[in-house]
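Report on the structure given below.
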Amino acid sequence: MARILVVEDDVQLRENIQEQLELDTHEVRAAANGRQALELLPSFVPDLIVCDVVMPEMDGIEFIRVLKNSLDYRSIPFIFLTAKATQQDMINGLEEGAFDYLFKPFLRRELILKVNNITRQQADRSRYQPREVKEESGFQFITQFNTQLSQQFGNASLTAEKMAEALNMSRSAFQRSLVTFFGKNFSEIVKEYRLQKATTYLVQSDQSIQWIADRCGFSSLSYTKSNSISRIFGYGLRY
């Protein structure tokens, strides 16, 4: 199963392509033009984009140019959809970075085969990346993230965007790395870390719950109480 983004302004064709890909067990999102597709990308990073060439607001050529200038999205392969194209049109699309073309009308089997062939190649390329490269990049990210977290967990306004900026990463790449190396999203990791720190302060110090909440970056005292830190360890609330 792969994640596919379908960008097509014709509603019936867009829905048909989405349905066929979903029947083939792929996870699919759809947009009516390049501008809508850009809005989807931060929350849905696809393995492949199936994109019409001629669309309103932002056409396929403009869309692929934007993505090829992005560090986060430039490696996503494109299949262009077109009703008719001259040889020069095809060359222009390939020069912009398109992986392949589908000419309308196309057979369902042709669509599925091209999508599966490309996504399988992408998966194999990732799977056979040298293990030491994966481990080195993962170790570096985890080390840098843990260092930043230990320094900033007390900041109640800490966000994924701010942490990503501190690590010189885009928000989408940062979130993907968290899921890859920690199996959790940013808010879950930060909440658990703050609770662990709060528990440590509660056990090892005589500070008040309010002080602990402020120290650990909880924006409200009621949140700290609701997590029952003091009740778990048999401590009374101190103000």
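Counting only residues 5 or more places away or on other chains, whose amide H sits under 5 Å from the amide H of LEU81 once H atoms are built in the peptide plane?
CYS51, ASP52, VAL53, LEU102
If the label point is 7 Å along Cα→Cβ of GLN144, which residues in the range 165-196 have backbone nitrogen under 16 Å from it?
Hits in the range 165-196 for GLN144 at 16 Å: 165-182.
Assuming a ≥ b ≥ c are the square roots of the Cα gyration tensor eigenvalues, decide whether the range 1-132 counts as rounded (a/c under 1.5), prolate (otherwise, with a/b larger than b/c) or oblate.
rounded
Pop out the ³J(HN,Hα) list for the range 11-20 in order, Karplus 6.51 cos²θ - 1.76 cosθ + 1.60 with θ = phi - 60°, rounded to Hz; leave Gly and Pro as x.
Each residue's phi maps through the Karplus curve to give 4, 4, 5, 4, 5, 5, 4, 4, 4, 5 Hz.
Read the figures in this text as sums done on the coordinates, not as results from a lab. On a predicted model such as this, the values are computed, not experimentally measured, just so you know. For neighbour counting, all protein chains shown are included, and Cβ atoms are generated from backbone atoms with ideal geometry for every residue, glycine included.
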